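The values are calculated or read from the model by the stated rules, or taken from the named source; none is laboratory data. None of the values given here were measured: they were computed from a predicted structure. Quick reminder, even Gly has a Cβ in these numbers, built from the backbone with ideal geometry, and neighbours come from all protein chains shown. When the accessible area is computed, the model is the full protein with side chains, heavy atoms only, and any ligands, DNA or RNA have been set aside. Shrake-Rupley method; radii C 1.70, N 1.55, O 1.52, S 1.80 Å.
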Amino acid sequence: MAKLHVTTTINGEPTEFLCEPHHTMLDVLRDTLDLTGSKEGCGSGDCGACSITLDDRLVCSCLMLAAEAEGHEIKTIEGMADGDKLHPLQQKFLEMAALQCGICTPGVLVAADALLKKNPNPSETEVRYWLAGNLCRCTGYDKIVRAVLETAAEMRGAAE
Amino acid sequence: MSDMTNKWIGTSTVRPDGVDKVVGRAQYAADATMPGMIWGKVLRSPHPHAVIRSIDTSKAEALPGVKSVVTAKDIVDFSVGTPVPLGIQDMRWMCRNVMAREKALFHGHPVAAVAAMSADIAAKACELIEVDYEVLPWAIEIEDAIAPDAPILHDFIKFEGKPSNIAGTLEHKLGDIEAGFEQADVIVERSFDTRPVHQGYIEPHACLVSVAADGKTTIWSSSQGQFMVRAMTAFLTGIPQSDIRAIPAEIGGGFGGKTIIYLEPVAAMLSKKAGRPVKMVMTREEVMRATGPTSGAKSTVKIGAKKDGTIVSAQATHYLQAGAFPGSPIRGACGCCFAPYDIPNVYTLGYDVVSNRSKVAAYRAPGSPIGAFAVESTMDELAEQLGIDPLELRLKNAAKQGTKAAHGPVYPVMGYAETVKAALAHDHYKAPLGKFQGRGVASGYWFNAGGESSAQVNITEDGNVVVTTGHPDIGGSRASIANITAELLGIDYRRVSVLIGDTATIGYSNLTGGSRVLFASAMVVTQSTEKVIETLKGLAAKIWGIPADAVTWSDGAARPAGDNAGKFEPLTLEELAAKANMTGGPIGAGTQLNTTGAEGGFATHICDVEVDVDLGIVRVIRYTSFQDVGKAVHPAYVEGQMQGGAVQGIGWALNEEYIYNKDGKVDNPGFLDYRMPVCSDVPMLDNVIIEVPNPLHPQGVRGVGEVPLVPPLAAIRNAVYNALGIRFNSLPMSPPRVLEKLDAMKQAAE
């Protein structure tokens, strides 16, 4: 079967790739484009380790066919920092020890960023339900939730 | 010993591996590639128990794109009659677990593997392999496996002279329990069962292995021990250890479940036959069907006490599932379950039971949560019958320095009573509760461990520091090692780089597990750094022309002391490093030790729950952990261990279980139906770190990671009793089971 030719934008860069019709966006990110920051924990949309945004909408890249990227804009964890300047969420996760093994961290950060773009002042409950699709087995979520709330407060402060 | 003058030990510095992890650059097992790499896939048994009569791989081998096929014939065979122990594993079972030999012993047991130009082709080729099975009756649960007419998994395993699925027993004995029970005013005896639960690491097992034509082998994989990977792969492939370089990838969670290997020897043989590097990555379904979990168990506990609460006798029997091969953690269940208490008469007995499930692997304090669930639940009922507060009962019977434990040791300085006192004094214990809310407490113990560790501390030419150890970092050990090295050298922690060496670049180091890594690696790093400081002092003495013992080291510089004090300007680490070429050459030191002196760790937890009586959902609404950690070198990551363990315990207590169908297959091999706690399931988790320093360790470290998973199961169960008046002696307390008990209670009331 002939491969599909896809033209898309990834982290602001115009990108083209070839893929099989059944390949997921995660397959292509990791195995074709060397963007291995998105992780495969389950392949069934349950763990959130592969979270990316598609036109600013949070999606599990393991549930998206790569061909669906055609003409759309994708952002991954690799596009979150601005050069060598970390995003405030990344910085806060480091300062507040909100990661241990780190395998869920890219997905959690992408999801948390999507939340704060939508809701700059989330309650603890809103953070917890928004991140309910991102499994973490190391932290018990405490420090993750605190880091997101703290970042939101700082970003609101900076915006004023 | 650490004290208030510490600058870095006891502070929550940014972890050295942190930036790579928040930007997506950290390399885990599945993230590596090699030139010419191809993909491997495993064919797994569709039956829970079957004789493998024959395997025909010819059609698979003929498929275009297939480069090699491996079966048990390609894995070294260890005869079942002679034990070949390696750490906690036995190569007789390992060679049969990585590739089924005579029989397939569980649904998902590997029977063959293929390497091909793409993962798709490899998967297609697996379907073309023809296996002739003779399907046998199977046993999944303990009661089925120990029944008189049970199907026998291994006919060479005998118990009481007959073929049996009981592969072994273990007992601990102290005093005379019968005489003890005669003195008791109150005796409580109860039976319990817990389900097997998976470690639940988010990163599936994966590896990339290259075997060259001369046998030189490179393994890139995520594990809790690159030296374990090297040794087991060598045993199972016949490649000498000196030809294998095992490189530790970042590990995406282990919790004990990566103290064993599954893929590496298979990938090595596929690579050897194909002449190309082979990458293998498990799916989540494969992880759930064929790796881990920890044991399910059946336990009976009997505790006798006098009216004043003094416990006079205690007995426990634990049957633990081992999965398809012997080796359940009965030592943890039997050794830890009464360890928090000073009881004169104790008897514990464990049975290791094989059945047609995947072989169990270590899971955080292996066996101890199972034993603690039974004992700490019985303690709760004993407290009620005696009319004594459950924490006061524990305090009255708390083991202390000098207590003889049933599993062997006479305790040195230890902090169990401190955890109970802190819990009693905490405002959580006095906070009011509402309707359908309840509070429970429980305690727990883990042995902790020392063992082999190696470290190398090198000073760079610009006067900074590179520390290499041999332990994969699963809980933040690199951050703690940076703190310790910076403290000893008197420099900023950011000047210390901490790396994990591969098997060719650092000396032998045992597994990351058993809460041993910071205990052991801090010892070898401390000794290495002290040697470096001696070297630096000697260099300064040489420059100044004074005796080496007339030099001291503080705040990152050598200083003249005694009669010479003030005579010379201090020489900093940078200055000494810059002059090293002229004064003696490279500065560095290594240490290799079999560390001893690990002392046990104790914790007490308080848990509040609220039960939704319409839906049967138990919600944990407040949770506080009290733990003696010896010394918290990096408090934030100590808290992280305590919080993470508590939430794994919440999952074990409330939801996690394997559901086997009538065909002996797991029906819920994924994260949707195997329900681990998600963010919205849990509250913030409070921690009280108690520091009773271990006198046998340079920083006072005991070990942290295991104990947090020990008390939660009973603490939550006791809280549910407090909320509903229903005692759950069987886990998990999932919504259908809670509703069933509530309905039964309603009917009984009508």
Subtracting the Cα-Cα distance from 0.36 nm times the residue separation, let me have the gained length for B:Y508 to B:K216 in nm, one decimal.
-> 103.2 nm
About the Cα centre, charge dipole magnitude for the protein assembly as shown (Lys/Arg +1, Asp/Glu -1 at Cβ), debye = 1160 debye
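Over all directions, average the projected area of the Cα convex hull of the range B:123-194 and note it in nm².
So the Cα hull casts an average projection of 9.6 nm².
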Can you run the Rg to Rh ratio on the protein assembly as shown? Use alpha carbon positions and the Kirkwood inverse-distance Rh.
-> 0.97
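Excluding B:L349 itself, what net charge comes from residues whose Cβ is under 13 Å from its Cβ, given Lys and Arg +1 and Asp and Glu -1?
Cβ neighbours under 13 Å give a net charge of +2.
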For the residue pair B:R727 and B:D120, what label-to-label distance in nm results when each label sits 7 Å from Cα along the Cα-to-beta-carbon direction?
-> 6.0 nm
By the gyration tensor of its Cα atoms, with a ≥ b ≥ c the square roots of the eigenvalues, what is the shape of chain A: rounded for a/c under 1.5, prolate for a/b over b/c, or oblate?
-> prolate
Would you tell me the mean number of C-beta atoms belonging to other protein chains that fall within 10 Å of each C-beta in B:638-645, as a whole number?
-> 5
Just how many pairs of Lys in the range B:196-316 have C-alpha atoms closer than 27 Å, counting pairs that are eight or more places apart or on different chains?
-> 8
Identify the GluC sites (Glu not before Pro) of the range B:419-502 meeting these criteria: DSSP loop state and at most 13 other C-beta atoms within 10 Å of the C-beta.
-> B:E461
If the convex hull of the alpha-carbon atoms of the range A:88-159 is projected onto planes in all directions, what is the mean projected area in square nanometres?
-> 4.1 nm²
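Just the number, please: carbon plus sulfur as a percent of the accessible area of chain B, 1.4 Å probe, no ligands or DNA/RNA counted. The partial results should precede the final answer.
Working: 13300 of 25830 Å².
Result for chain B: 51 percent of the exposed heavy-atom area is carbon or sulfur.
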Find which of B:T283, B:V360, B:A339 sits farthest along the positive direction of the dipole of the range B:274-377, computed with +1 on the beta-carbon of Lys and Arg, -1 on that of Asp and Glu, about the Cα centre.
-> B:T283
Length-normalised contact order of the range A:88-159 in % [C-alpha pairs under 8 Å, at least 6 apart] = 47 percent
For the range B:450-593, the Debye formula with one identical point scatterer on each Cα and no solvent gives log10 I(q)/I(0) at q = 0.15 Å⁻¹ as -0.71
So the A/B interface buries, both sides summed and with a 1.4 Å probe, an accessible area in Å² (nearest 100) of 4000 Å²
Span-like helix ranges in chain B, DSSP H, alpha carbon extent 20 angstrom or more, Kyte mean at least 0.5 = B:517-544
For the range A:40-87, state which residues have at least 50 Å² less accessible area in the presence of all protein chains than in their chain by itself, taking the probe as 1.4 Å and leaving out ligands, DNA and RNA.
-> A:G41, A:D46
Which whole-number value in Å² is the accessible area per residue of the protein assembly as shown, probe 1.4 Å?
-> 36 Å²
Dipole of the range B:1-65, Cα-centred, from +1 at each Lys and Arg C-beta and -1 at each Asp and Glu C-beta, to the nearest 20 debye?
-> 160 debye
So what does log10 I(q)/I(0) come out to for the range B:374-500 at q = 0.09, 0.19 Å⁻¹, using the Debye formula with one equal point on every Cα and no solvent?
-> -0.51, -1.04
How much of the calculated P(r) for the range A:4-79 lies past 17 Å, in percent of all Cα pairs?
-> 33 percent
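Just to be sure I follow the rule: in chain A, considering lysines 8 or more places apart or on different chains, how many pairs have Cα atoms under 18 Å apart?
Step by step, the pairs that qualify in chain A add up to 6.
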Coil-residue GluC sites (Glu not before Pro) of the range A:46-152, DSSP, other Cβ within 10 Å capped at 15 | A:E70
FRET efficiency for B:R53 and B:E171, Cβ-Cβ distance as r, R0 = 60 Å, nearest 0.05?
-> 0.90
Note every residue of the range A:108-141 with a reduction of at least 20 square angstrom in accessible area, all protein chains present versus the isolated chain, computed with a 1.4 Å probe, or write none.
-> A:E124, A:R128, A:Y129, A:A132, A:L135, A:R137, A:C138, A:T139, A:G140, A:Y141
What does the accessible area of B:T33 come to, in Å² to the nearest 10, when a probe of 1.4 Å is used?
-> 90 Å²
Simple label model, 7 Å out from Cα along Cβ direction - B:D185 to B:V84, nm | 6.0 nm
FRET efficiency for B:D389 and A:D56, using Cβ-Cβ distance with R0 set to 45 Å, rounded to 0.05 | 0.25
For B:S313, enumerate residues with amide H under 5 Å from its amide H, sequence gap 5+ or separate chain, H modeled in the peptide plane.
-> B:G304
Determine the dipole magnitude for the range A:1-75: charges of +1 sit on the beta-carbon of Lys and Arg, -1 on that of Asp and Glu, nothing else is charged, the reference point is the Cα centre, and the result goes in debye to the nearest 20.
-> 120 debye
Enter the mean number of other protein chain beta carbons within 10 Å of the beta carbon of each residue in B:13-19, as an integer.
-> 5
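Please compute the average number of Cβ atoms from other chains found within 10 Å of each residue's Cβ in peptide B:348-359.
Counting Cβ atoms of other protein chains within 10 Å of each residue's Cβ and averaging gives 0.
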Looking only at aspartates and glutamates whose Cα falls under 13 Å of B:K59's and that sit 8 or more positions away or on another chain, we get B:E127, B:E130
Of B:G18, B:P48, B:V84, whose Cα points farthest to the positive end of the dipole of the range B:1-112 (charges on the beta-carbon: +1 Lys, Arg; -1 Asp, Glu; origin at the Cα centre)?
-> B:P48
Any residues in the range B:177-221 that have 20 Å² or more less accessible area with all protein chains than in their chain alone, probe 1.4 Å, and which are they?
-> B:I202, B:P204
